[in-house]
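Engineer: Let me give you the structure first, and then I'll get to my questions.
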Amino acid sequence: MDFSDRTVLVVGGAGYVGSVLVTELLHAGAQVCVLDQLIYDNGFALAHLLDDPRLRFQRGDLRNPDAVAQAAQGATDVVLLASLVGDPICKTYPELARAVNEVGAKQVIDQLDCLGISRFVFTSTCSNYGIHESSTLATEDSDLNPQSLYARTKIAVEEYVLGRAAAMASVSTVLRIATAYGLSPRMRFDLTVSQFAWELATGRPLQVYDADTWRPYCHVRDIAKAVMTVLDASDADVRGEVFNVGDTSQQFTKRMIVDEVRKHLADVRVTFGEGDTDPRNYRVSFDKIGARLGFRCDHTVQDYLARLTSAIQAGIFPDVAEPAFGNYTVRNIEPTY
């Protein structure tokens, strides 16, 4: 894809997915502006890109309309990644989660037409399906069944986007993204695939709850590719549309993830238990984005685990308990703006 005629504002561009997306956009020739409050002290994720003259970084809060307007100067497209991502961090900071994930996101959407934005992508989550009969695949038209505050905030913004999409000049699209995995400049080890691999590859015992619940998974590079595919598609194909992002073959139970890790390690200590507080269990269809936009994933959990376990054993990730390696606590942001 050639983005040499595009200027893309990535809100949350220093995050786990954002830092990968920004890299890929620059490789595709785009001018990129990042607006990020760096609530995890994660500015290091963009350090390798700062000497690129096509990248502009602005530290700021998406709840501040002036900061958004300044960052969006000259932008053709906006990708909204920024939020408190995941159930645990939203549970720890519920008021902040509502203020950022829902209220702040809606404010950004309200500004789009005034800022002259042509394309808008809102990144939501497959967690919105919550509990779905595992013998069938959830499609974009399936009932949503949120089991967390995180999912409820995402659904609220989805509804806001879709309710306005036909009347807006900006072409708006919602992406429901599978559980992310993969290497990133802002690496996270609080997500299932990487967490399990690190615990077991370092010889630690792993306790797994609700081992037979299903989730779909998607590599961060494939998430970036999906965002760029939507930005590159025709207006008619993406205006007011929802797309699940992932690969139908890349859906696993937690027990299956453990079994994949075991293929690369001689001796692991795993115990399984019941009664965790996360009841989510769903499998998802990704046919629509493939049929409509020709999108397909390039990466698999199996290949990633082979490389990650080797890297961990080589000492590349010595201490991932540090706050920088997960969405554990927030800094540099006030509950209300």
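The values are calculated or read from the model by the stated rules, or taken from the named source; none is laboratory data. Keep in mind it's a predicted model, so treat the numbers as computed, not measured. Here the Cβ is made from the backbone with ideal geometry for all residues, glycine too, and neighbour counts use every protein chain on show. Heads up: the accessible areas ignore ligands, DNA and RNA and are worked out on the full protein's heavy atoms, side chains in. Shrake-Rupley method; radii C 1.70, N 1.55, O 1.52, S 1.80 Å.
Engineer: Within the range 197-215, can you find the residues that are touching a Leu at 6+ places or on another chain (Cβ under 8 Å) and over 12 Å from Leu308 (Cα atoms)?
Structural biologist: Matches in the range 197-215: Leu206 only.
Engineer: In the range 53-93, what residues are small (Gly, Ala, Ser) and either open to solvent by less than 50 Å² (accessible area, probe 1.4 Å) or under 29 Å from Ser127 (Cα atoms) (or both)?
Structural biologist: Selection gives Gly60, Ala67, Ala69, Ala71, Ala72, Ala75, Ala82, Ser83, Gly86.
Engineer: Could you please find all residues in the range 321-331 being in contact (Cβ under 8 Å) with a residue 40 or more places away in the chain and either acidic (Asp, Glu) or open to solvent by 70 Å² or more (accessible area, probe 1.4 Å) (or both)?
Structural biologist: Within the range 321-331, Tyr328, Arg331 meet the criteria.
Engineer: Determine, yes or no, whether Glu133 is at pLDDT below 95 and either part of a loop (DSSP other than H, G, I, E, B) or not hydroxyl-bearing (Ser, Thr, Tyr) (or both).
Structural biologist: Yes, satisfied.
Engineer: Quick check on the range 136-168: of everything there that is acidic (Asp, Glu) and part of a helix (DSSP H, G or I), which residue is surrounded by the fewest Cβ atoms within 10 Å (Cβ to Cβ)?
Structural biologist: In this case the residue turns out to be Glu159.
Engineer: Among the residues that make up the range 190-210, is at least one of them open to solvent by 10 Å² or more (accessible area, probe 1.4 Å), among the aliphatic types (A, V, I, L, M), in contact with a Ser or Thr (Cβ under 6 Å, 6 or more places away or on another chain) and not in a strand (DSSP E or B)?
Structural biologist: Looking through the range 190-210, at least one residue is open to solvent by 10 Å² or more (accessible area, probe 1.4 Å), among the aliphatic types (A, V, I, L, M), in contact with a Ser or Thr (Cβ under 6 Å, 6 or more places away or on another chain) and not in a strand (DSSP E or B).
Engineer: Okay, moving on. For the range 6-13, check the following and say yes or no: at least one residue is touching a residue at least 24 places away in the same chain (Cβ under 8 Å) and either in a helix (DSSP H, G or I) or among the aromatic types (Phe, Trp, Tyr) (or both).
Structural biologist: No, the range 6-13 contains no residue that is touching a residue at least 24 places away in the same chain (Cβ under 8 Å) and either in a helix (DSSP H, G or I) or among the aromatic types (Phe, Trp, Tyr) (or both).
Engineer: Just one of (1) open to solvent by 40 Å² or more (accessible area, probe 1.4 Å); (2) within 23 Å of the chain's Cα centre (by Cα); (3) closer than 24 Å to Leu144 by Cβ trips up Lys225, so point out which.
Structural biologist: (3)
Engineer: Right, another one. Is there a residue being part of a helix (DSSP H, G or I) and open to solvent by less than 60 Å² (accessible area, probe 1.4 Å) anywhere in the range 269-289?
Structural biologist: Yes, the conditions are met somewhere in the range 269-289.
Engineer: Name every residue in the range 253-268 that is part of a helix (DSSP H, G or I), in contact (Cβ under 8 Å) with a residue 24 or more places away in the chain and either buried (at least 18 other Cβ atoms within 10 Å of the Cβ) or among the acidic types (Asp, Glu) (or both), in order of residue number.
Structural biologist: Listed by number, the residues that qualify are Lys254, Ile257, Val258, Glu260, Val261.
Engineer: Residues of the range 290-316 being open to solvent by 70 Å² or more (accessible area, probe 1.4 Å) and touching a Gly at 6+ places or on another chain (Cβ under 7 Å), which ones?
Structural biologist: Listed by number, the list holds a single entry, Arg296.
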